[in-house]
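To start, the structure itself, in structure tokens.
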Amino acid sequence: MSAQALRQYLELLRNSGIQQLYRPQSEKAEILASLSRKYSSCTLCPLHNGRHHVVYGEGNPNARVMVIGEGPGEQEDLSGRPFVGAAGTLLDKMLIAINIKREEVYIANIVKCRPPGNRNPESSERLACLPYLMEQIEIIQPKFLLLMGLVAAQSLLGNSNTLGWHRTQTHLFRGIPTFVTYHPAALLRNPNWKKDAWIDLQAFQKVYEAGKGE
Ligand code: SF4
């Protein structure tokens with residue numbers, strides 16, 4: 001799958017709205033659990049080679065915000081859970097800093113199997129895996145998306161702009177206000193970026209708090 005085909009597909013996804021279906025929280029949890037089981041043996045793309053677990057995602061099925069990263073790292077692959085280890089601890093701290101507990105959000109990734117050596121997922125791998133994330137968004141129907149890092153931003157928003165460009169504006173993905181900031185793993189590698197990440201998080205918090213009660 002070429003990068004151009006991926007862009008066209010993402011553009012289509014970005015511009016199509018999600019169907020507003022009311023589902024009680026217990027039903028959403030059941031559907032997500034059943035899909036997680038269904039995809040646990042997925043071999044649609046080469047990332048299944050060598051993986052320990054498909055890291056489907058976890059969190060509140062009724063979350064107002066979905067946090068979306070790039071893909072599982074070593075710890076996530078071993079545990080089967082997203083954002084564990086040092087990056088997960090930092091994500092928890094980032095959320096707490098804006099008065100959001102991890103249990104309140106739903107956390108997922110663009111690809112659900114670990115790319116070897118933590119390389120960026122290829123266009124074809126993202127394209128193969130994106131329908132699973134789209135399903136999660138359809139089921140959870142979050143009010144906000146918080147994208148962590150450039151791969152998540154470019155993959156969902158369907159462009160090749162820089163992280164700086166993505167961070168400085170609010171986007172709409174299928175009608176959902178979408179914010180972009182640094183991936184926690186990048187902040188661990190470059191602590192100097194934490195100041196800018198804090199600016200991003202405060203901008204998100206302002207809109208998130210204002211939307212409470214909707
Ligand atoms: Fe399947 Fe996604 Fe894993 Fe590829 S990354 S094998 S599409 S679950």
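The values are calculated or read from the model by the stated rules, or taken from the named source; none is laboratory data. Treat the numbers as computed from the prediction; the structure is a model and nothing was measured. Neighbour counts run over all protein chains shown; Cβ positions are idealised from the backbone, glycine included. To get the accessible areas, we keep the full protein, side chains included, count just its heavy atoms, and leave off ligands, DNA and RNA. Shrake-Rupley method; radii C 1.70, N 1.55, O 1.52, S 1.80 Å.
Sequence gap at least 6, Cα distance under 8 Å: using those rules, report the relative contact order of segment 54-149 to the nearest whole percent.
45
If you roll a 1.4 angstrom probe over the protein chains with everything in place, what fraction of the accessible area of segment 103-189 belongs to carbon and sulfur, to the nearest %?
Working: 1460 of 2870 Å².
Answer for segment 103-189: carbon and sulfur cover 51 percent of the accessible area.
Could you list the square roots of 5 times each eigenvalue of the Cα gyration tensor of segment 76-214, that is, the equivalent ellipsoid semi-axes, sorted largest first and rounded to whole Å?
Value: 21, 18, 16 Å, ordered largest first.
Can you tell me the FRET efficiency between Thr43 and Asn118 if r is taken as the Cβ-Cβ distance and R0 is 30 Å, rounded to the nearest 0.05?
0.90
At 7 Å along the Cα-to-beta-carbon direction for both Asn192 and Thr168, put a label point, then send me their distance in nm to one decimal.
Modelled inter-label distance: 1.9 nm.
Along the charge dipole of segment 57-197, Cβ charges K/R +1 and D/E -1, which of Leu95, Asn120, Leu157 sits furthest on the positive end?
The residue sitting most towards the positive pole is Leu95.
For a paramagnetic label modelled at 7 Å from the Cα of Gln202 toward its Cβ, which residues of segment 98-120 fall within the zone defined by backbone nitrogen distances under 16 Å?
Once the point is set 7 Å along Cα→Cβ of Gln202, 98-99 turn out to lie under 16 Å by backbone N, inside segment 98-120.
Considering only protein heavy atoms, what is the solvent-accessible area of Met94 at a probe of 1.4 Å, reported in Å² to the nearest 10?
Its accessible surface works out to 20 Å², give or take rounding.
Label point 7 Å out from Asn99 along Cα-to-Cβ: which residues of segment 172-214 have amide N under 20 Å?
Flagged as within label range: 179, 198-214.
Would you mind getting the accessible area per residue of segment 87-127, heavy atoms of the protein chains only, 1.4 Å probe, in Å²?
41
Using Cα pairs under 8 angstrom and six or more residues apart, how large is the relative contact order of the chain, in percent?
Numbers: 339 pairs, mean separation 54.4, N = 214.
Relative CO of the chain lands at 25 percent.
In nm, to one decimal, how far is the modelled label at His52 from the one at Ala86, with both set 7 Å along Cα→Cβ?
Computed distance between label sites His52 and Ala86 equals 1.8 nm.
So, in Å, what gap is there between the alpha-carbon centers of segment 71-91 and segment 99-122?
8
Just to make sure I understand: if all protein chains stay in place, what is the order of Ser124, Ser155 by accessible area at 1.4 Å, largest first?
Sorted by accessible area, descending: Ser124, Ser155.
When DSSP beta bridges are limited to those with both residues in the chain, what percentage is antiparallel, rounded to the nearest 5?
30
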